[in-house]
Amino acid sequence: MSAIAESKGCTESGKPVTAMPKENFFAELKRRNVYRVALAYAVVAWLLIQIATQVLPFFEIPNWGVRLVILALFLGFPVALSFAWVFEITPEGLKRTDEVAPGESITHSTGRKLDFLVIGVLVFVIGVLVVPRFRPGRSLPETSTAEKSIAVLPFENLSSEKQNAYFADGMQDEILIDLAKVAELKVISRTSVMQYRSVTERNLREIGQQLGVAHVVEGTVQRELNRTRVSVQLIDVQTGRQLWAERYDRPLNDIFAIQSEIAEAIVTQLEAKLSPSEKAAIEKSPTSDLAAFDLFLRAQTLFADTSDQIQARENLPQAARLLDQAVARDPGFTIAWCLLARVHGDIYWQGFDHTPARLNLATAALQSAFRLQPEGGEVHLALAAYHYHGFRDYERARTELAIAHRTLPNNAEVFEYAGYIDRRQGRWGEATRNLQRALELDPRNFGIAQQLSLAYEVQHRYADQARMCDRALALVPDDPFMLMTRAQIPFAERADIKPFQTMLATLIARHPKLASDVDD
């Protein structure tokens, strides 16, 4: 019977089969809300992708998890459109569209609901993306004192032999590094905290305001023969109250275990969540050779003191020699290999030895580090610097930074390099945000403040630029470049050249050689 009906051009119900006119097809798409469903699906899918990219890494789900979400949403798109075409919601429930009587259809009601859904999601997205840009003081949270923020101040060396100052610095630095691996904490970088090394009378409230933290760690270290004595305390900078304190008197070879115990005790006191991977990273010793560790600390100090070309030319080769000795003593010293690669990379980048041989030394050091710890954050940060300085391969460097950030959530250099890459690729908004974050984690870093002021200048954000110049000059008051940059802001903003002329005259008076440079 069905075959007879079909041969006569009829359906089983006896209604004649007619081809749908092309002009009616698009009208039918509209009637069945296919357009609205497509738009609603696209908006909701985009929102789910944004949530997945932010939430899944927090639970340490690999990148394939995010890709799986994106693939599922992509494959679900044609299914949603087919569902919209075939079915319609009626007072009795879900029915095929061709079964819905005209009186029963609630197409218009369904369409309005979809419209409200789309509008609601769009308003939410606009709020997330746009509203934060108009918050007062959005440029930089300079005085942020989050409950779980902390700075580990330099430890006092009580050893009779003053050369053990490196040992005290190493104790403080390792505790800082361990705490910085905890994503729930905000931990201030080494560059900023080391500026309080020679401060004898510390005003902790003032230090907390300068660094933007609610807590500080102080301590003393005494190394005598084969023993070490460490005293450490955690302090609330607002009240000056001691939240926790402990003393350790252990054999010298227990030094790394002491550092891990201190870091875990502080995490517990601040009630921060410590993931299994973070706990394992904190408890892992960098080396078992204390002499190699001492060589590494000396090299690290030299590497940090390369703010100008004269210092860099002298310090970088010395650091390389010390690190060569360190890895010779302990070939499994991963972070020493990483620092060695970065030292060779900086020698190449700054032009002291811009040769393939120097770059090959960096390559060899990185290969050793990668073999030892292929997932290590320090390894991938060194790889990012290698691709940035050695080859200007910014996309590869950006990929390595993303990997490094997973285990180095408080590392200011990760955000700093990301900011420089964004800037070189013309993404000024992203560059500014990354440099702001870097400065939040390293608030007394003159170089980052200087570079952020230049980012504001390009975007004509003159008030922010002036504020950042003032902040940089508070750190290095006599820097001539920043003085001139600050003086030319009125000229760029409102064609007022007088401040620039006044500052130029002042600098020439202080440094007569500048007069000949200007004349040239």
Given the conditions (1) at pLDDT 95 or above; (2) part of a helix (DSSP H, G or I); (3) in contact with a helix residue (DSSP H, G or I) (Cβ under 8 Å, 6 or more places away or on another chain); (4) more than 23 Å from Glu224 (Cβ to Cβ), every one holds for Ala328 apart from (3)
Cβ pairs under 6 Å, 6+ apart or interchain, first in the range 265-279 and touching a residue at least 60 places away in the same chain (Cβ under 8 Å), second in a helix (DSSP H, G or I), ordered by first then second residue, are Leu274/Val267
Wholly inside the range 359-461, helices (runs of 4 or more DSSP H) that include 2 or more residues that are over 25 Å from Pro480 (Cα atoms) and at pLDDT 95 or above are 377-391, 394-407, 412-424, 428-441
- Determine, yes or no, whether Gly351 is open to solvent by less than 60 Å² (accessible area, probe 1.4 Å) and at positive phi. yes
Ser285 meets each of (1) open to solvent by 50 Å² or more (accessible area, probe 1.4 Å); (2) in a helix (DSSP H, G or I); (3) not charged (D, E, K, R) with one exception, condition (2)
In the set Ala320, Ala304, Ala341, Ala312, the lone residue that is in contact with a helix residue (DSSP H, G or I) (Cβ under 9 Å, 6 or more places away or on another chain), over 25 Å from Arg197 (Cα atoms) and in contact (Cβ under 8 Å) with a residue 12 or more places away in the chain is Ala341
For Ile310, the lone unmet condition from (1) open to solvent by less than 10 Å² (accessible area, probe 1.4 Å); (2) within 23 Å of Gln450 (Cα to Cα); (3) hydrophobic (A, V, I, L, M, F, W, C) is (1)
Of the conditions (1) within 30 Å of Phe391 (Cβ to Cβ); (2) in a loop (DSSP other than H, G, I, E, B); (3) of a type outside the set (Asp, Glu); (4) in contact with a Ser or Thr (Cβ under 9 Å, 6 or more places away or on another chain), the single one that Leu274 does not satisfy is (1)
Of the candidates Lys162, Lys186, the one satisfying the condition of being open to solvent by 10 Å² or more (accessible area, probe 1.4 Å), modelled with pLDDT of 95 or more and either in contact with a helix residue (DSSP H, G or I) (Cβ under 6 Å, 6 or more places away or on another chain) or not small (Gly, Ala, Ser) (or both) is Lys186
- Query: What do you reckon, is Leu340 aliphatic (A, V, I, L, M) and open to solvent by 10 Å² or more (accessible area, probe 1.4 Å)?
  - Reply: no
In the range 451-499, residues that are over 24 Å from Tyr417 (Cβ atoms), under 28 Å from the mean Cα position of the chain (by Cα) and of a type in the set (Gly, Ala, Ser) total 3
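Per-residue answers, yes or no, for (1) among the aromatic types (Phe, Trp, Tyr); (2) modelled with pLDDT under 95:
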| position | (1), (2) |
| --- | --- |
| Gln222 | no, yes |
| Ser231 | no, no |
| Asp236 | no, no |
| Thr239 | no, yes |
| Leu243 | no, no |
| Tyr248 | yes, no |
| Ile262 | no, no |
| Ser288 | no, yes |
| Phe296 | yes, no |
- Could you check, for the range 238-247, whether at least one of its residues is within 25 Å of Ala304 (Cα to Cα) and either in contact with a Pro (Cβ under 6 Å, 6 or more places away or on another chain) or touching a residue at least 40 places away in the same chain (Cβ under 8 Å) (or both)? no
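The values are calculated or read from the model by the stated rules, or taken from the named source; none is laboratory data. Keep in mind that what you see is a predicted model, and the values were worked out from it rather than measured. Neighbour counts run over all protein chains shown; Cβ positions are idealised from the backbone, glycine included. Note: accessible area is taken over every heavy atom of the protein model, side chains too, but ligands, DNA and RNA are not part of it. Shrake-Rupley method; radii C 1.70, N 1.55, O 1.52, S 1.80 Å.
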